[in-house]
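In what follows, a single structure is set out as C-alpha cells and then discussed.
The values are calculated or read from the model by the stated rules, or taken from the named source; none is laboratory data. What you are looking at is a predicted structure, and each value in this text was computed from that prediction instead of being measured. FYI the Cβ positions are ideal-geometry reconstructions off the backbone, even for glycines, and counts take in every protein chain you see. Just so you know, the surface numbers come from the protein's heavy atoms only, side chains and all, with ligands and any DNA or RNA stripped out. Shrake-Rupley method; radii C 1.70, N 1.55, O 1.52, S 1.80 Å.
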Amino acid sequence: QVQLVESGGGLVQAGGSLRVSCAASGRTFSSYAMGWFRQAPGKEREFVAAISWTGNTYYADFVKGRFTISRDNAKNTVYLQMNSLKPEDTAVYYCAARGRGTSRIGDDYDYWGQGTQVTVSS
C-alpha cells in the first residue's frame with residue numbers, strides 16, 4: 001500500500017509560480033512511477049506530468065517549458081514546480097503512483113492522493 005498526501009496548493013496571480021508536493025508512505029517509493037494529473041470544474045481529469053523511478057520525465061504539451069516534475073527518493077516526495085501560471089491552470093492537482101512504468105493514462109495508476117487546489121487569478 002502507498003498513501004499519497006499532496007500539499008502546497010493555493011492562490012497565485014497569473015504569471016506567478018507555485019510548487020506542489022506529494023509525500024508518499026512506504027519503503028518502496030523509489031520503485032514507483034509517479035504522475036501528476038489535474039481536474040478543473042466541469043472538465044475531465046487530464047495528465048500533467050510523470051516521472052519514472054529512474055528520473056525520466058514526461059509532460060503534457062500544454063505545460064512543457066513551464067512545469068517541472070522531480071522526485072526526492074530519500075524524502076519519499078515528488079514535486080511539481082509550476083511557473084508562468086495561467087488562469088486555465090486552475091484545477092485540483094492530484095499525484096498518483098504506479099508500480100510499473102510511467103503512463104499518461106490515469107486509470108493505469110494504482111494509488112491516488114486527495115488532491116490540492118491550485119487557483120490562478122487573472
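Return one whole number: the accessible area per residue of the chain in Å², for a 1.4 Å probe. Intermediate values should be presented prior to the final figure.
On the way: 6330 Å² over 122 residues.
Ligands and nucleic acids excluded, the result is 52 Å² per residue.
How do the peptides 60-70, 16-26 rank, highest first, by the average count of neighbouring beta carbon atoms within 10 Å per residue? Write down the numbers at each step before the final one.
Working: 60-70: 14.7, 16-26: 17.4.
Most protected by this proxy first, the peptides run 16-26, 60-70.
Count the net charge of all other residues whose Cβ sits under 9 Å from the Cβ of V118, scoring Lys and Arg as +1 and Asp and Glu as -1. Could you put the intermediate results ahead of the total?
Working: positive: R38; negative: D89.
Counting the neighbours of V118, the net charge comes to 0.
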* To do: Under 18 Å Cα to Cα from K43, which aspartates and glutamates show up? Leave out anything in the same chain fewer than 8 places away.
  => D61, E88, D89, D107
* Asked: What spacing in nm lies between the two simple spin-label points modelled at S70 and K43, each 7 Å away from Cα in the Cβ direction?
  -> 2.6 nm
* Asked: Net charge near A60, counting Lys/Arg +1 and Asp/Glu -1 over other residues with Cβ under 10 Å of its Cβ?
  -> +1
* Structure fact -> Of the accessible area of the chain, computed with a 1.4 Å probe and all protein chains kept, carbon and sulfur make up a percent value of 45 percent
